[in-house]
1. Given 0.36 nm per residue, what is the gain on full extension from LYS170 to ILE97 after removing their alpha carbon distance, in nm?
2. Straight-line reach from LYS202: which lysines have a Cα under 16 Å away, not including same-chain ones fewer than 8 places off?
3. How charged is the neighbourhood of GLY95? Take every other residue with its Cβ under 13 Å from the Cβ of GLY95, and add Lys/Arg as +1 and Asp/Glu as -1.
4. Whole-Hz Karplus ³J(HN,Hα) for segment 106-123, in order, using 6.51 cos²θ - 1.76 cosθ + 1.60 and θ = phi - 60°, x for Gly and Pro?
5. Once you list every other residue whose beta carbon is under 10 Å from the beta carbon of THR66, what net charge do they have if Lys and Arg are +1 and Asp and Glu are -1?
6. I'd like the trypsin sites (Lys or Arg not before Pro) in segment 106-166 restricted to DSSP loop residues with at most 13 other Cβ atoms within 10 Å, sorted by number.
7. Restricting attention to segment 149-211, which GluC sites (Glu not before Pro) occupy a DSSP loop and are surrounded by at most 10 other Cβ atoms within 10 Å?
8. Amide H neighbours of THR193 under 5 Å, at least 5 residues apart or on other chains, H built in the peptide plane: list them.
Amino acid sequence: MKVAWAMTVLACVAIVGCGGDDDDDDAATPATTPAAETATEADDGGGASAGGGRTAPGTTLKLGDTAHVTYKPLTALDEKNLFEVDATALKIEKGSIDDFKNISLDENQKTSTPYYVTVKIENTGEQIPLGDQEGDPDLKFGAVDDRGQDQPSITFIGDFERCEDTDAPKPFTKGKSYESCLAFLIGGDGTITEVQWKGSDKYILDPVVWK
């Protein structure tokens, strides 16, 4: 049964992607108090923000550096419903297609190269709403391959021991954090060259980048 679930989700990736960049959900706005988007942003264009200031869209960081950014749940209807988080892309690892030996793949996927991105999210503000409708903050991370193409992460229904997509802690209150692993299948001999944060509208337009 786990194989069948994985096939369904992998097909979703191939057709429309399963990453968390869709901000058009029409569900109700969360009732918690969000962060204001007008908070101070870093203006140096590189490195993690000093003193807890907001990391500016378009900032380029090194793997392991932390960005002080905003997160918009899928149920948020506007930029007034944002939450403060620290986001970190920790590492990028090249895998082997043998990691998927118990998962059914189509012919194109069998010739792909797996990559695994380990990320960390810490809540630095108000409690973040979680659930199927709101989404999970780690899915606001994306990747770009060596051809400059955005790559969605794979979402598994069931366990994938090589790269566990961990759920955020519940309740996800200030000071709590978690690490998660996101899996990507890159066509041919392609590679992942950068990780991006697209957690709210302005970061979708101009992501924070880790290289």
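1. 23.0 nm
2. LYS72, LYS80, LYS140
3. Here the charged neighbours net out to 0.
4. In residue order, the calculated couplings are 7, 5, 5, 5, 5, 9, 7, 10, x, 10, 10, 10, 9, 10, 9, 10, 10, 7 Hz.
5. Around THR66, the surrounding residues sum to -2.
6. Answer in residue order: ARG147.
7. Listed in order of number, the matching sites are GLU161.
8. Residues meeting the amide H criterion: VAL144, ASP145, ASP146.
None of the figures in this text is laboratory data; all of them are computed from the coordinates on show. Since this is a predicted model, take the numbers as computed values, not measurements. No Cβ is skipped: glycine too gets one built from the backbone with ideal geometry, and neighbour counts run over all protein chains shown.
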